[in-house]
Amino acid sequence: MGKQSAPRRVGDKEALAVNTQIRGSAQKLNLVAGLIRGRPVEEALNILSFSKKAMAVDARKVLASAIANAENNHNLDVDALVVAEASVGKSITMKRFHARGRGKSTQILKPFSRLRIVVRELSDEAGEA
């Protein structure tokens, strides 16, 4: 009989990609995500390619995955895609210690972030209006 397929978490004209293990703080990743929100995917890819911020490399991979999902899994037109949503959240934090003088230690926190990108296909009527 098998398990029922999970319902879609996004709309019919949307595709989704998520990376849950991006090494770096959510605050730094959110600065990069803010650069691409609401932009056409071609322009967003160019912005991320030429950005000097290190988090742009991982964000570009997630965006490319969302575009590939839209094209291959949902048969959407790649030229009409727009970044509808780019949300950032905290993931795990690795805790390490650093030995200090006089037998003491300090904590080192190594944060990870998660990035969720949703791309949406704009219809021709919405683009002209």
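The numbers here are math on the coordinates, done by the rules we state, and not lab data. Note that the structure is a prediction, hence the values are computed from the model and not measured. Here the Cβ is made from the backbone with ideal geometry for all residues, glycine too, and neighbour counts use every protein chain on show.
When the P(r) of the stretch 14-123 is calculated, the portion above 21 Å amounts to 40% of the C-alpha pairs. Longest stretch of the chain clear of exposed loop sites (trypsin sites (Lys or Arg not before Pro), DSSP loop, at most 12 other Cβ atoms within 10 Å, sites excluded): 53-99.
Annotation: the residues 74, 98, sorted from fewest to most other C-beta atoms within 10 Å of their own C-beta, follow the order 98, 74. The distance between label points at residue 109 and residue 54 comes to 1.8 nm (points 7 Å beyond Cα on the Cα→Cβ vector). For the options 38, 11, 101, a Gaussian network treatment of the chain with springs between C-alpha atoms closer than 10 Å singles out 101 as fluctuating the most. Listed by chain and number, the lysines placed with their C-alpha closer than 30 angstrom to that of residue 110 are 28, 52, 53, 61, 90, 95; residues fewer than eight positions away on the same chain are left out.
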